[in-house]
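The values are calculated or read from the model by the stated rules, or taken from the named source; none is laboratory data. The structure displayed is predicted, hence computed values, not measured ones. Methodologically, a virtual Cβ is constructed for each residue, glycine included, from the backbone with ideal geometry; neighbour enumeration extends over all protein chains shown. All accessible areas refer to the heavy atoms of the entire protein, side chains included, with ligands and DNA or RNA removed. Shrake-Rupley method; radii C 1.70, N 1.55, O 1.52, S 1.80 Å.
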Amino acid sequence: MRPLASLLSLALIGMGTARADTSRLIITFNGTATGEYVYESNPDGTFTSTTKLSIGGTEIATTMSGTMRAGRFLNYRCETDQAGQKTLITFDHGKLHVKSGKVDQDVPIKLGAEPYFGNLHPEFSGSALAAVDFSKKSAQEIKCFCPDAGAILSPKFTPEDVKTTSKGTARLYKMAIATVQAEYALDQDNHVVMMDVPGQKLCFLAPGWEALKNDPFAAYPELSQPTYKFKTEKGVTMKTRDGATLVQDVIRPDAAGKYPVIIERTPYGRGATAAEGPFYASRGYVFIAQDCRGRSDSTGEWDPFVHERKDGYDTVQWAASQPWSDGNVGMIGGSYGGFVQWAAAVENPPALKCIVPQVSPPDAFLNLPYDNGVFFLYGSVWWGKIVTGKTADMSSVLSKLPKPENFGTLPLSKVDTAVLGQKIPFYQQWLARETSSQWAGYNYEDDLKRVTIPALHISGWWDGDEIGTMLNWQILRSLGRTNQWLVYGPWTHFFNSTTRIGDTDFGPTAVIDLDSVYLRWFDTWLKHKSAGFEKQPHVRAFVTGANKWVESSDWPLASSKPMTLYLGATGPVEGASSQGSLETAPPSRQAPSTYRFDPHNATIDPKILNPDPDKASMKIKLPKKTPGLVLFKSAPMTAPTTVSGPIELDLRFATTAQDTDFFATLLDQDDKGEFHLVGQQGKIRCSYLKGFDKRRALKPGQIYSAKFRLWDVARQFDKGHRIVLMVTSTMFPMFARNLGTIDPIATATRMVVQDQKIYHDRKNPSSITFRVMQ
């Protein structure tokens, strides 16, 4: 599940040379002033650099002070306080010391002539940007010292345009580091006059330089304009039907009248969510940021997902009955905040007129905590670390788990303590609920037939909850709902925030303006304005490989054609040297392909122990022989071919165990033989082949058909490239190992080796079916 990201931890921006005067930047979040940055320098080289801002009740303050000579630090002191979490970094003549939480130590570091680059101190960014060769319009990696992180970093800068305003001329740059992208502007004297982080809606801008910041709403006069002053009422309470108290902040126009209402419900603390309120309140909406049951100030039992149907209904109807409401209610939010919208919508509250579910998960057995029956081990423990306490620990969102090497602990009921050092109550409950019937309150897919309101579905090809968007769209479109819209981008769960994932950049169009789309949506369905939404395509999907958007009236595209390829093999199929194939017709007679999965030998990738987003890769490196991992490859494409979902695998198999798992992933093998990730894997725990109502033991040696879907994609395979199907029986520790038995997963410790046979002949054809976009 995705909590809203910490702005401070993601906005890694700023640091450079001093100047003998004062500069000031106004800080805005989503267009609303939220703080300021002030830099002051003196002729003797001393300086002070201070940033103060407040976002949704979260106070952030950071001050650097020290002395510079010839553009280099002699000494400095950087104090940062983010929501009460304090960090102190000191530097004096080459010696660095860090004090933060339990850390209080000297940090060895050797500095040369590196320029500076830091965090929320934009004036100092000038030295790093000045080191970029502006004549080369390509990404340039600049090794920099980040004083307020106490570390060497290597951001990539790309020179853009030169822009002239009434204030002067500025050079524009784009910056990328890890998953963060930002835009900078330097004036003629190499002073930063703009630092914009679009994915975080955070902007530092010098007065008088407003023309540098593109306003996506300027071209849309038909949309609601920010003409209202607004006020915030904090800690407003309401009662649910069973007596729980739900607490919300209400941000509304400071003017008499009744207004439509937008609700965002969250388990992560309503403060950050409330930061979105001024944007809507200034445009004539009431915005409600609510703590879900059992979270932050709201009372009741915290049983994730289980209470959100009734609580969602009660919240919508409460909001519609308030004196400032005109009775028209919409909802928006991502991840858990997307789930709660579907949970409310299937309860059919009369006042709910539309929803915007972003990166929303589906039923309990389809993603989290069970993905098609396979327990999502890493995700469950990671999320538990964040939301075990009544108040979410947002500081740990991007930090590594305390002891990830202990994921191999058995039974699974002991993993939370082994990895985190504490028990997670709901994690224990999740392990005990091994059948779909035990998830009343969570599950909603079967009730989507009750949803008739408009929905704007948002997801990405690498969103960890993308299967929810995929299934919800499919169900509602199969019911004939024409008031559904869909956006699929080349994004992770942190959707529409960056154009790159690790070493792959999808180009400048990969991040799009969604805020104006949201406003147009609510203007249409809540204010009943003529906002031009009928001109919006029902589907916008990004085609990777070609790196372009396509628009359509439906998904899959009506012009796409189904294609089936059949698995075959003329020899061993494990690893990159596999002799497995994908053919247009099933082989007549072939021996099955075999491999072994031994749960005793499960290993943990070192990347799990120390994740580094900046070193992530979309390339899959496979040895020629990779035990337990098999490949089936198509012939090289004779022309560029675009493959899209839905993708279904029909795997004919036999195993020696009572239970086993299969994971299937689509890859693109280029003309150099390298493998590239196309989308996310489908998976199945085979004891659930006949339904999630109960686990059923497999009969060793019997041939079964495992039909399951891979997650949606849109990928252009260029001429000479091959479509590759990769199949394995483990993705540990992301997913719990299948121990080969049907013992209860919470307490099971007995492990059984699983020898697998994949059949591919005319009598038992294994196949993969997808769509080819015309």
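Odds and ends about this structure:
- Sites listed here are chymotrypsin sites (Phe, Trp or Tyr not before Pro) in segment 177-266 whose DSSP assignment is loop and whose Cβ has at most 10 other Cβ atoms within 10 Å, and the list is empty.
- Ordered by solvent-accessible area of protein heavy atoms (1.4 Å probe), largest first, the residues THR22, THR769 come out as THR22, THR769.
- Top positive-direction residue, dipole computed over the chain with Cβ charges, set ALA206, TYR313, TRP521: TYR313
- Note that segment 524-541 has calculated 3J(HN,Hα) couplings of 6, 8, 9, 9, 6, 7, 7, 9, x, 5, 5, 8, 6, x, 5, 9, 10, 10 Hz, one per residue in order, obtained from phi through the Karplus relation 6.51 cos²θ - 1.76 cosθ + 1.60 (θ = phi - 60°); glycine and proline are x.
- Solvent-accessible area of GLU434, all protein chains in place: 30 Å² (probe radius 1.4 Å, heavy atoms, ligands and nucleic acids excluded).
- Estimated dipole of segment 49-196 in Debye, rounded to 20 [Cβ of Lys and Arg +1, of Asp and Glu -1, Cα centre]: 240
- 1.4 Å probe accessible area per residue over segment 414-514, in Å²: 33
- ASP393 accessible area, 1.4 Å probe, all protein chains in place, Å² to nearest 10: 60
- Label-point gap, in nm, between LEU689 and LYS95 - each point 7 angstrom along Cα→Cβ: 6.9
- The label point for THR169 and the one for GLU551, both projected 7 Å from the Cα toward the Cβ, are 3.7 nm apart.
- Fully extending the segment from ASP446 to ALA61 would add 133.8 nm, taking 0.36 nm per residue of separation and subtracting the current Cα-Cα distance.
- Accessible-area order (highest first, 1.4 angstrom probe) of the listed residues LEU514, LEU111: LEU111, LEU514
- When only the Cβ of Lys, Arg, Asp and Glu is charged (+1, +1, -1, -1), the dipole of segment 477-562 relative to its Cα centre reaches about 300 debye.
- Dipole in debye (nearest 20) - the chain, about Cα centre, beta carbon charges: Lys, Arg +1; Asp, Glu -1: 1620
- For segment 32-112, alpha-carbon Rg relative to the globular expectation (2.2 N^0.38 Å, N residues): 1.24
- Note that segment 294-375 presents 20 Å² accessible area per residue, ligands and nucleic acids not counted, probe 1.4 Å.
- Sites listed here are trypsin sites (Lys or Arg not before Pro) in segment 339-415 whose DSSP assignment is loop and whose Cβ has at most 15 other Cβ atoms within 10 Å: LYS390, LYS400.
- Note that segment 244-249 has calculated 3J(HN,Hα) couplings of 5, 9, 9, 10, 9, 9 Hz, one per residue in order, obtained from phi through the Karplus relation 6.51 cos²θ - 1.76 cosθ + 1.60 (θ = phi - 60°); glycine and proline are x.
- Normalised by the number of residues in the chain, the mean separation of alpha-carbon contacts (under 8 Å, six or more apart) gives a relative contact order of 10 percent.
- Antiparallel DSSP beta bridges within segment 468-572, as percent of all bridges there, nearest 5: 70
- Accessible area (Å², 1.4 Å probe, nearest 10) - HIS600: 100
- Residues in segment 199-224 reached by a label modelled at ASP21 [backbone nitrogen below 18 Å; 7 Å Cα→Cβ]: 205-210
- Carbon plus sulfur fraction of accessible area for the chain, probe 1.4 Å, in percent: 51
- Sequence-distant residues sharing a close amide H with ASP371 (under 5 Å, placed H): PHE376
- Cα-Cα over 27 Å, subset of LYS143/LYS403; LYS561/LYS625; LYS414/LYS619; LYS143/LYS607; LYS143/LYS385: LYS143/LYS403; LYS561/LYS625; LYS414/LYS619; LYS143/LYS385
- Extension gain, SER396-ALA697: 0.36 nm per intervening residue step, less the Cα-Cα distance, totals 104.4 nm.
- Since only GLY532, SER282, THR237 are under comparison, the one whose Cα sits farthest along the positive direction of the charge dipole of the chain, derived from C-beta charges on Lys, Arg, Asp and Glu, is GLY532.
- Selection of GluC sites (Glu not before Pro), segment 110-179, meeting DSSP coil and at most 13 other Cβ within 10 Å: none
- Peptides ranked, highest mean first, by Cβ atoms within 10 Å: ranges 285-293, 90-98, 161-169, 341-349: 285-293, 341-349, 90-98, 161-169
- Cα gyration tensor, segment 267-362 - rounded (a/c under 1.5), prolate or oblate: rounded
- Hits among aspartates and glutamates - C-alpha to C-alpha of LYS672 under 13 Å, sequence gap 8 or more where chains match: ASP718
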